[in-house]
Amino acid sequence: MRRSETLRSAEQVWTLDGGEGIRLQGLYSQQPGESKGLVVLLHGWEGSVNSNYVLANGARLFREGFDVFRLNFRDHGDTHHLNHEVFNSCRLDEVVHALRDLQDRLNADYWFLAGYSLGGNFAMRVGLRAGSDGLNIRHIVAVCPVINPLHAMVSMEQGIRFYERYFERKWSRSLLIKKEAFPDLYAQEKWHNIRGLRNRTHYLATRHAGFESAEDYFEGYSIADQRLADLRVSSTILTAADDPVVPVADFHELPENPCLELIITEHGGHCGFLKNWNLESMAEDLIAKRFLDSPPN
């Protein structure tokens, strides 16, 4: 919080057009003087614009001279009341539409995108849509992005149960907030009582997202199986061999693509990459360096 004080003192609440009446909200911090460009930051699942890693990266990039926009996905942060339907990870269209709205409103000729975990997955999928949707993204950095969501689920089920319990607890709180925001739609829902991430995912995917199963839903936002072969935006993926959530084997199977730089460190955990006792992260250094090294043409 101390490191991000300057970033937060400059922030403004912006509501973006996600298309079809959908609203996504974020915080925009503009440089008081000349800017080196716009950076958009995407948080992970059940994170928010005020998650520690988002604030830390935002503060670093703002200090480096960038304008910073921290975007909340639907039903993250304090935005549950903005849209009737429940968040799911396949809602890419609204994120792309909102980013195009932001680009147009700021007249951004070039800008940068970074995301963590699920936010990294979204960032790479946005990159795949950049050409067709007119997004002027100069460079993307994805930190520990989910590649194959089914494999990530299996890792949490078979590995350290801390992560499954952590996400289950945060998701329960989020679903209760959604229920309170729209009692006319969800008063009878007991979704927060369903135990196990896979069981709850299956329920939400089949009842509220139109999928046949949890596995069908996972496939809907996977970036495995050569999908990134079509990527045309310069991008960097950073992951760690000891990530307990996203299996490192998924990254070894990514396609060869001159637009894609893959960095695998021995240690780093899931989105940690801590380099000192001040909780500063090597990931922050990498993001800043890649964006600083990508000036406009």
By residue number, the members of region 106-145 that are assigned to a helix (DSSP H, G or I) and within 14 Å of the chain's Cα centre (by Cα) are L118, G119, G120, N121, F122, A123, M124, R125, V126, G127
Only unsatisfied item for K289, checking (1) modelled with pLDDT of 95 or more; (2) buried (at least 16 other Cβ atoms within 10 Å of the Cβ), is (2)
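Take the conditions surrounded by 24 or more Cβ atoms within 10 Å (Cβ to Cβ) and among the polar types (S, T, N, Q) and apply them to N121. Does it pass? Before the answer, list the steps.
Numbers: surrounded by 24 or more Cβ atoms within 10 Å (Cβ to Cβ): yes; among the polar types (S, T, N, Q): yes.
Spelling it out, N121 is indeed surrounded by 24 or more Cβ atoms within 10 Å (Cβ to Cβ) and among the polar types (S, T, N, Q).
Based on what the data block shows, is V54 surrounded by 23 or more Cβ atoms within 10 Å (Cβ to Cβ), touching a residue at least 40 places away in the same chain (Cβ under 8 Å) and β-branched (V, I, T)? Quick ask: steps written out before the conclusion?
Working: surrounded by 23 or more Cβ atoms within 10 Å (Cβ to Cβ): yes; touching a residue at least 40 places away in the same chain (Cβ under 8 Å): yes; β-branched (V, I, T): yes.
So V54 passes the test.
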The residue that is farthest from V143 (Cα to Cα), considering only those in region 271-297 that are among the small types (G, A, S) and assigned to a helix (DSSP H, G or I), is A288
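If you take the residues of region 83-99 that are among the charged types (D, E, K, R) and in a helix (DSSP H, G or I), which of them is nearest to G127 (Cα to Cα)? Break it down stepwise before answering.
Of the residues in region 83-99, the ones among the charged types (D, E, K, R) are 85, 91, 93-94.
Filter again for in a helix (DSSP H, G or I), leaving 93-94.
On the way: D93: 12, E94: 14 Å.
Selected residue: D93.
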For helices (runs of 4 or more DSSP H) lying entirely in region 164-270, having 2 or more residues that are of a type in the set (A, V, I, L, M) and farther than 17 Å from G119 by Cβ picks out 197-208, 248-252
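Pick out the one residue from G18, G33 that is over 14 Å from the mean Cα position of the chain (by Cα), farther than 30 Å from R165 by Cβ and assigned to a strand (DSSP E or B). Quick ask: steps written out before the conclusion?
Numbers: G33 fails: assigned to a strand (DSSP E or B).
Residue meeting the stated conditions: G18.
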**Message:** Can you find a residue that is of a type in the set (V, I, T), touching a residue at least 24 places away in the same chain (Cβ under 8 Å), under 17 Å from C271 (Cα atoms) and in contact with a Phe, Trp or Tyr (Cβ under 8 Å, 6 or more places away or on another chain) anywhere in region 129-141?
**Reply:** yes
Going through region 149-171 in order, the residues found to be more than 18 Å from the chain's Cα centre (by Cα) and surrounded by fewer than 17 Cβ atoms within 10 Å (Cβ to Cβ) are V154, E157, Q158, G159, I160, R161, F162, R165, R169
Taking region 123-163 and keeping only residues that are out of contact with any helix residue (DSSP H, G or I) (no Cβ under 8 Å at 6 or more places or on another chain), over 15 Å from A249 (Cβ atoms) and aliphatic (A, V, I, L, M), one is left with A123, A130, I160
Q | Qualifying residue in region 219-242 (condition: touching a Ser or Thr at 6+ places or on another chain (Cβ under 8 Å), at pLDDT 95 or above, among the aromatic types (F, W, Y) and within 23 Å of D75 (Cα to Cα)) | A | yes
Residue hits (region 172-197; farther than 21 Å from A152 by Cα and surrounded by fewer than 13 Cβ atoms within 10 Å (Cβ to Cβ)) are R173, E180, P183, D184, A187, Q188, K190, N193
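Return the only residue of V86, V146, V126 being surrounded by 22 or more Cβ atoms within 10 Å (Cβ to Cβ), touching an Asp or Glu at 6+ places or on another chain (Cβ under 9 Å), under 30 Å from N278 (Cα atoms) and modelled with pLDDT of 95 or more.
Being surrounded by 22 or more Cβ atoms within 10 Å (Cβ to Cβ), touching an Asp or Glu at 6+ places or on another chain (Cβ under 9 Å), under 30 Å from N278 (Cα atoms) and modelled with pLDDT of 95 or more holds for just one of V86, V146, V126, which is V146.
The values are calculated or read from the model by the stated rules, or taken from the named source; none is laboratory data. None of these values were measured; they are calculated from a predicted model. Note: ideal-geometry Cβ built from the backbone for every residue, glycine included; neighbour counts use all protein chains shown.
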